[in-house]
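Read the figures in this text as sums done on the coordinates, not as results from a lab. Just so we're clear, the structure is a prediction, and the values are computed from it rather than from any experiment. When we count neighbours, we look across all protein chains shown, and the Cβ atoms used for this are built from the backbone with ideal geometry, even at glycine.
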């Protein structure tokens, strides 16, 4: 079953990116680039179809793709083995960005990493490189502590908070670890993160938007300007009472607000977006509205009534903490 899922995901990406890599490997391109903040870790080979060394490396990478679960032995360390066809004109700038001057060039990308592989073509060396990369980069996220939220939600802190050059906009919830309602926030936040594109499934943005419009009965608009399969937004969560630094930082982000509070972070600007209701459909709408893609729920009296009732239940049940 897992292999079928990997193959299906690879096919979705291959449909929009050219390349000759067989599934479960994935053909990537500039319009479907995961980037440093991807929730998955990608082992990416920058290659040329005419490169003999690349062809000889393919069986090794294919084996890694088929046995990726054995590399880390952890469910929150999913690995995708992928490649970029650099001679393809649309990928020239992407390959230039990673200073690709010869083939093959290999990088580990995602989960906060962009590390270049410099050892030989051996299974043991590649696996060691992946484990070392994850270990060396883990300290950045470790500074945020383990957190209570699981993938695809990203646990954030002052040391690891979206910056001006962040590739994606972020929907961030500030919360109190002692709040009784904390467990109730985990499911809708994880659902919103998956819906907005932070999970493993990669589909085109127009398809994702259409699916979200149907799922949450939203009035969406994009005027045919969407392309690629990048996430609409990443979703993160930050504990605001874990230590004094966290308290002070949260106060600077949302002065005078009660927890939990929802923030929108894009291009280095952070704004308080909403406080409740914290349900998946509302979280998705908030993100899409900031992107100019949602005009709100489809109008109907029954829909408005249900939404109002959900909001009242959410407001009554959550409780609030002062920053």
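Model label points for residue 210 and residue 245, set 7 angstrom from Cα along the Cα-to-Cβ axis, are 4.7 nm apart. Between residue 18 and residue 203, the simple label model (points 7 Å from Cα in the Cβ direction) yields a spacing of 2.7 nm. Please label the shape of region 12-71 as rounded, prolate or oblate, based on the square roots a ≥ b ≥ c of the eigenvalues of the alpha-carbon gyration tensor (a/c under 1.5 means rounded; beyond that, a/b larger than b/c means prolate, else oblate). Judged from the Cα gyration tensor, region 12-71 comes out oblate (a/c at least 1.5, b/c at or above a/b). Shape class of region 158-200 from the Cα gyration tensor (axes a ≥ b ≥ c, square roots of the eigenvalues): oblate, since a/c reaches 1.5 or more and a/b does not exceed b/c. Compared with the alpha-carbon gap, the fully stretched path from residue 128 to residue 186 is longer by 17.5 nm at 0.36 nm per residue. Taking label points 7 Å from Cα along the Cα-to-Cβ direction, residue 89 and residue 63 give a separation of 3.9 nm. Here residue 222 and residue 97 are evaluated by their C-beta separation; at R0 = 25 Å the FRET efficiency comes out at 0.40.
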